[in-house]
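S.K.: Below is the structure I would like to discuss, written out as structure tokens.
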Amino acid sequence: MDTEFIYAFKEVLREQFVNKNSVEIEGLGTFDVKHYEQHQKRYDNGKVVMMPPADVVEFKSNIRISYEN
């Protein structure tokens, strides 16, 4: 693929994510921005840590795979 296309595509995705918009790529899937509030995380050793709020990009595939023989 052309390097300029990849760079431009990345910038469009970034702009949409900053604006909290989802991006659907037909035949591939959807990228969504999910916001996580500040919360406590408890580790197995009993230590508790405050996790800061965060926005995370999640991907949901719309590709269907058939396992029929």
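The values are calculated or read from the model by the stated rules, or taken from the named source; none is laboratory data. Note that the structure is predicted; figures quoted are calculated from it, not measured. So basically every Cβ, Gly included, is an ideal-geometry build from the backbone, and we count neighbours across all protein chains shown.
S.K.: Report, by residue number, each residue of region 1-36 that is of a type in the set (Asp, Glu) and modelled with pLDDT under 90. Give the derivation first.
M.R.: Our first condition is that a residue be of a type in the set (Asp, Glu); within region 1-36, this holds for 2, 4, 11, 15, 24, 26, 32.
ASP2 - this is the single residue of region 1-36 that is of a type in the set (Asp, Glu) and modelled with pLDDT under 90.
S.K.: Follow-up question, since we're still on this one. Considering ILE25, ILE65, which residue is hydrophobic (A, V, I, L, M, F, W, C) and exposed (fewer than 10 other Cβ atoms within 10 Å of the Cβ)? Quick ask: steps written out before the conclusion?
M.R.: Working: ILE25 fails: exposed (fewer than 10 other Cβ atoms within 10 Å of the Cβ).
None of the other options fit; the residue is ILE65.
S.K.: Is it the case, given these coordinates, that VAL12 is touching a strand residue (DSSP E or B) at 6+ places or on another chain (Cβ under 9 Å), free of Cβ contacts under 8 Å to residues at least 12 places away in the same chain, surrounded by 10 or more Cβ atoms within 10 Å (Cβ to Cβ) and not aromatic (Phe, Trp, Tyr)? Before the answer, list the steps.
M.R.: Details: touching a strand residue (DSSP E or B) at 6+ places or on another chain (Cβ under 9 Å): yes; free of Cβ contacts under 8 Å to residues at least 12 places away in the same chain: yes; surrounded by 10 or more Cβ atoms within 10 Å (Cβ to Cβ): yes; not aromatic (Phe, Trp, Tyr): yes.
When the stated conditions are applied, VAL12 passes them.
S.K.: State all residues of region 35-66 that are touching a residue at least 12 places away in the same chain (Cβ under 8 Å) and among the hydroxyl-bearing types (Ser, Thr, Tyr); if no residue qualifies, say none. Give the steps one after another, and end with the answer.
M.R.: Initial filter on region 35-66 (touching a residue at least 12 places away in the same chain (Cβ under 8 Å)): 35-39, 50-63.
Matches in region 35-66: TYR36, SER61.
S.K.: Residues to consider are ASP55, ASP32; find the one that is surrounded by 10 or more Cβ atoms within 10 Å (Cβ to Cβ) and in contact with a His (Cβ under 7 Å, 6 or more places away or on another chain).
M.R.: Working: ASP32 fails: in contact with a His (Cβ under 7 Å, 6 or more places away or on another chain).
Residue meeting the stated conditions: ASP55.
Conditions (1) outside any helix (DSSP H, G or I); (2) within 29 Å of ILE65 (Cα to Cα); (3) of a type in the set (Gly, Ala, Ser), marked per residue:
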{"residue": "GLU4", "(1), (2), (3)": "no, no, no"}
{"residue": "GLU11", "(1), (2), (3)": "no, no, no"}
{"residue": "GLU24", "(1), (2), (3)": "yes, yes, no"}
{"residue": "ASP32", "(1), (2), (3)": "yes, yes, no"}
{"residue": "ASP44", "(1), (2), (3)": "yes, no, no"}
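S.K.: Then there is this: Condition first: aliphatic (A, V, I, L, M) and not in a strand (DSSP E or B). Now tell me which residues in region 55-69 satisfy that.
M.R.: Within region 55-69, the subset aliphatic (A, V, I, L, M) is 56-57, 63, 65.
Result: ILE63, ILE65.
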